[in-house]
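The values are calculated or read from the model by the stated rules, or taken from the named source; none is laboratory data. All values reported here derive from a predicted model rather than from experimental measurement. Glycine gets a Cβ as well: all are built from the backbone with ideal geometry, and neighbour counts include every protein chain shown.
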Amino acid sequence: MLPKLNVYAVPSLADPKELEIGTVVVIDILRATTTIVHAIAAGATAVVPCASVEDAQRLAEILHETDDTTSVLLAGERDCLPIPGFDLGNSPSEYRPEVVFRAVIILTTTNGTQAFQVCRRAQRVLVGAFVNASAVLKALFEESHAVHLLCSGIEGEFTRDDTLFAGMLVDHLERKSGLRYELNAQAITARENWRAAFAPPYSSGAEPIPPEMLAAQLRNSAAGEKLIAAGMESDIYDAARIDLFTCLPTFDPTSGIIVG
Ligand code: MLT
């Protein structure tokens, strides 16, 4: 039997039971998973994705009460904007070593942190973004059972930034893993959209894609348009820097914590 290679354009299309077998990659290019990779690369001890602002605040209080030696930072966005009273927003550039080194970051975002909740029964969950693309691919090359590329979408709808990355992973896995896969329909669509966006040698990975070129594609997405309207266009460029980092954050479905 061929290993499955599934793309889910929005979390509601994924059956949590199916995610139990193989490796899941959670994807929210603009911006949650890009930001998480930045945070871990900058030395954060852990990121805890929370579904709601209230859950995040409650967890921060508990952590402060039980351990006052660890720096705990509340982070996230609603409608792209920083949440009043929180320490950090959701812009990757905020997550610098001098800010987040050795901190535990409690993160709540509109879509990305919700997608992790769908993976609570999964075996292995990776955090994927263009900024750590090769690290994700390397881990997926070793997965012979099933690969699930779980796009966060935007408020229940598909957004092109996520599916472009999923399409790149599908294309590169097929070309380079040495395995043949059984693709679902969304995986075929994502791969074809990736190939339509970037001609060879860029689509194949033979030539690196300059951030300006990828950012132009990401701008043309529902999440990109929303960020531009909110005055945060520079975050799109930061999300388009392929392989800026080599780290591979993983989400532990039992504890609900992401570590590097
Ligand atoms: C999210 O997780 O909802 C997104 O990252 C949205 C954003 O960053 O504004």
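Key figures
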{"read-out": "In region 192-213, residue modelled with the highest pLDDT [restricted to those that are acidic (Asp, Glu) and under 18 Å from Glu174 (Cα atoms)]", "value": "Glu192"}
{"read-out": "Residue match in region 139-160 (condition: surrounded by fewer than 24 Cβ atoms within 10 Å (Cβ to Cβ) and on the phi > 0 side of the Ramachandran plot)", "value": "yes"}
{"read-out": "Elements of type helices (runs of 4 or more DSSP H) contained in region 170-244, each with 2 or more residues being within 16 Å of the ligand (Cβ to nearest atom), within 18 Å of Ser134 (Cα to Cα) and touching a residue at least 12 places away in the same chain (Cβ under 8 Å)", "value": "234-239"}
{"read-out": "Conditions (1) within 16 Å of the ligand (Cβ to nearest atom); (2) assigned to a loop (DSSP other than H, G, I, E, B): number failed by Leu248", "value": "(1)"}
{"read-out": "Residue within region 53-62 that is of a type outside the set (Phe, Trp, Tyr) and within 20 Å of the chain's Cα centre (by Cα) present", "value": "yes"}
{"read-out": "In region 168-213, the residues that are among the small types (Gly, Ala, Ser) and buried (at least 18 other Cβ atoms within 10 Å of the Cβ)", "value": "Ser177, Ala187, Ala190, Ala197, Ser203, Gly205"}
{"read-out": "When residues of region 109-138 are limited to those that are in a strand (DSSP E or B) and more than 16 Å from the ligand (Cβ to nearest atom), the one surrounded by the fewest Cβ atoms within 10 Å (Cβ to Cβ)", "value": "Arg124"}
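One line per residue, one yes/no per condition, for (1) more than 12 Å from the ligand (Cβ to nearest atom); (2) touching a helix residue (DSSP H, G or I) at 6+ places or on another chain (Cβ under 6 Å):
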| position | (1), (2) |
| --- | --- |
| Glu20 | yes, no |
| Ile29 | no, yes |
| Ala32 | no, yes |
| Val37 | yes, yes |
| Pro49 | no, yes |
| Leu63 | yes, no |
| Glu77 | no, no |
| Gly85 | yes, no |
| Gly89 | no, no |
